[in-house]
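The values are calculated or read from the model by the stated rules, or taken from the named source; none is laboratory data. Just so it is clear, the structure is predicted and the values come from calculations on it, not from any experiment. Please note: Cβ atoms are built from the backbone with ideal geometry, for glycine as well, and neighbour counts cover all protein chains shown.
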Amino acid sequence: MNKVLYVFSLLLLFSCGNADVDENQPDYCQYVDPFIGTGGHGHNYPGVTMPFGMVKLSPDTRLTGWDGCGGYHYSDSIVYGFSHTHLSGTGVSDYGDILLMPTVGEVSVNNSDYSSKYSHEKESASPGYYSVVLDDYNIKAELTASRRVGVHKYTYPASEASNIIIDLYHRDSVLNSYLKIVNNTEIEGFRKSTNWALNMQWYFVAQFSKPFKSHGLALNNSLNNEVTELEGKNIKGYLQFATEQNEEIIVKVGISAVSIEGARKNLEETEGLSFEQIKANAQKEWKTQLAKIEVEGGTNRQKRNFYTSLYHSMVTPDLYMDIDGQYRGMDNQIHKADNFE
């Protein structure tokens with residue numbers, strides 16, 4: 001028992017702090033396989049997060065069922081989109097908030113229509129980075145993240161109807177939601193839902209690297225191209241772009257449990273940074289944290305199992321306060337933490 005407590009204490013100690021990366025230190029990220037635990041009853045997800053980050057941006061391949069608690073199951077062949085909150089290895093289902101899905105062609109906000117086939121041969125994951133090809137649309141989707149911002153890169157084919165679907169009705173039982181078109185490069189909203197955790201609240205602001213040419217919002221799956229904001233339990237929407245062959249659209253999504261303005265402030269983490277820079281920052285942070293325990297000897301398989309387990313130990317618990325220190329307490333009131341990260 002004392003040995004277990006000692007090892008656990010070491011993990012907590014090694015997880016603290018943000019020491020500079022020694023460029024000559026071993027890169028233990030090479031041994032991490034985020035797909036471990038995504039099959040069977042593992043309930044893990046392969047997407048991206050920072051160590052103990054707020055954002056858990058990952059593909060969702062399953063809408064219901066115990067084996068789909070993490071939103072993803074390795075046996076699946078359909079992806080519904082990419083949502084920004086996930087549980088890791090919990091055995092209970094929750095989250096899946098603020099789902100985005102890139103598509104091409106005629107718009108539908110029904111998940112059976114906008115979903116896409118994918119294959120593991122065109123999918124990859126490593127600490128701080130995930131990518132997959134959506135076979136139905138010939139779109140490459142790439143994900144990375146800062147602590148409070150999920151970052152998407154979608155590479156489209158040439159089309160006058162390249163779309164991004166926003167689904168706030170995805171997975172959990174929704175209590176209320178809201179979606180607003182702020183301008184042709186920004187949207188905002190919130191989702192309040194209940195499942196294993198009651199009355200969860202997530203607010204978001206999403207900014208797009210290219211102006212969209214048209215949009216539509218839907219209440220109860222009924223699309224309206226005239227309105228710029230809607231509120232209700234079943235709210236969805238779409239944004240449409242004209243794209244050239246292999247044109248990239250970057251989406252930065254700041255989230256907050258406090259407010260829409262809190263989510264907008266959290267976007268400051270990635271202000272002026274490219275997708276590649278944010279990805280490099282995430283990889284650098286994971287390299288630093290994983291290098292705090294060095295292993296000698298052993299096989300590559302043993303190192304893979306060890307460093308993937310170490311990686312999973314830092315996927316949760318989650319950062320819950322905004323960049324200004326505000327957070328929503330168990331009393332559902334807004335509090336502020338000073339000098340704490």
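Test of understanding: among Ser222, Ser162, which residue is surrounded by fewer than 23 Cβ atoms within 10 Å (Cβ to Cβ) and among the hydroxyl-bearing types (Ser, Thr, Tyr)?
Ser222
If we keep just the residues of segment 54-82 that are more than 26 Å from Tyr327 (Cα to Cα) and aliphatic (A, V, I, L, M), which is nearest to the chain's Cα centre (by Cα)?
If we take residues in segment 54-82 being more than 26 Å from Tyr327 (Cα to Cα) and aliphatic (A, V, I, L, M), then Val79 is nearest to the chain's Cα centre (by Cα).
When you go through Ala125, Ala141 one by one, which is the residue that is farther than 19 Å from Asn163 by Cβ and part of a strand (DSSP E or B)?
Matching residue, one of Ala125, Ala141: Ala125.
Give all pairs with beta carbons closer than 8 Å in which a residue from segment 263-275 that is within 17 Å of Tyr129 (Cβ to Cβ) and among the aromatic types (Phe, Trp, Tyr) meets a residue that is surrounded by 19 or more Cβ atoms within 10 Å (Cβ to Cβ) and at pLDDT 95 or above; count only pairs at least 6 apart in sequence or on separate chains.
Note: pairs meeting the criteria are Phe275/Glu142; Phe275/Thr144; Phe275/Val151; Phe275/Lys153.
If only one of Tyr137, Tyr130, Tyr178 is touching a helix residue (DSSP H, G or I) at 6+ places or on another chain (Cβ under 9 Å) and in contact (Cβ under 8 Å) with a residue 12 or more places away in the chain, which one is it?
Only one candidate passes the filter, namely Tyr178.
Ala197: among the aliphatic types (A, V, I, L, M) and assigned to a loop (DSSP other than H, G, I, E, B), yes or no?
It is true that Ala197 is among the aliphatic types (A, V, I, L, M) and assigned to a loop (DSSP other than H, G, I, E, B).
Could you say whether any residue in segment 207-214 is within 23 Å of Val149 (Cα to Cα) and either outside any loop (DSSP other than H, G, I, E, B) or acidic (Asp, Glu) (or both)?
yes
Here's a check for you: in segment 81-93, which residue that is polar (S, T, N, Q) and part of a loop (DSSP other than H, G, I, E, B) is nearest to Thr49 (Cα to Cα)?
Step by step, filter segment 81-93, then rank; the result is Thr85.
Residues checked against (1) in contact with an Asp or Glu (Cβ under 9 Å, 6 or more places away or on another chain); (2) under 16 Å from Ser108 (Cα atoms); (3) at pLDDT 95 or above; (4) of a type in the set (Phe, Trp, Tyr):
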position: Ser173; (1), (2), (3), (4): no, no, no, no
position: Ser177; (1), (2), (3), (4): yes, no, yes, no
position: Thr185; (1), (2), (3), (4): no, no, yes, no
position: Arg191; (1), (2), (3), (4): yes, no, yes, no
position: Phe212; (1), (2), (3), (4): no, no, yes, yes
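May I ask you to list the residues in segment 221-238 that are part of a strand (DSSP E or B), touching a residue at least 24 places away in the same chain (Cβ under 8 Å) and over 30 Å from Leu319 (Cα atoms)?
Leu223
Would you confirm whether or not segment 91-104 contains a residue that is under 19 Å from the mean Cα position of the chain (by Cα), more than 25 Å from Asn199 (Cα to Cα), among the hydroxyl-bearing types (Ser, Thr, Tyr) and modelled with pLDDT of 95 or more?
yes
Within segment 1-58, how many residues turn out to be assigned to a loop (DSSP other than H, G, I, E, B), polar (S, T, N, Q), at pLDDT below 95 and within 19 Å of Lys287 (Cβ to Cβ)?
3
Among the residues of segment 61-80, write down those that are part of a strand (DSSP E or B) and closer than 15 Å to Phe35 by Cβ.
Listed by number, the list holds a single entry, Val79.
Considering only segment 181-212, how many residues are surrounded by fewer than 18 Cβ atoms within 10 Å (Cβ to Cβ) and not acidic (Asp, Glu)?
14
Being touching a Leu at 6+ places or on another chain (Cβ under 8 Å) and surrounded by 22 or more Cβ atoms within 10 Å (Cβ to Cβ) is the requirement here; does Gly150 meet it?
The answer is yes for Gly150.
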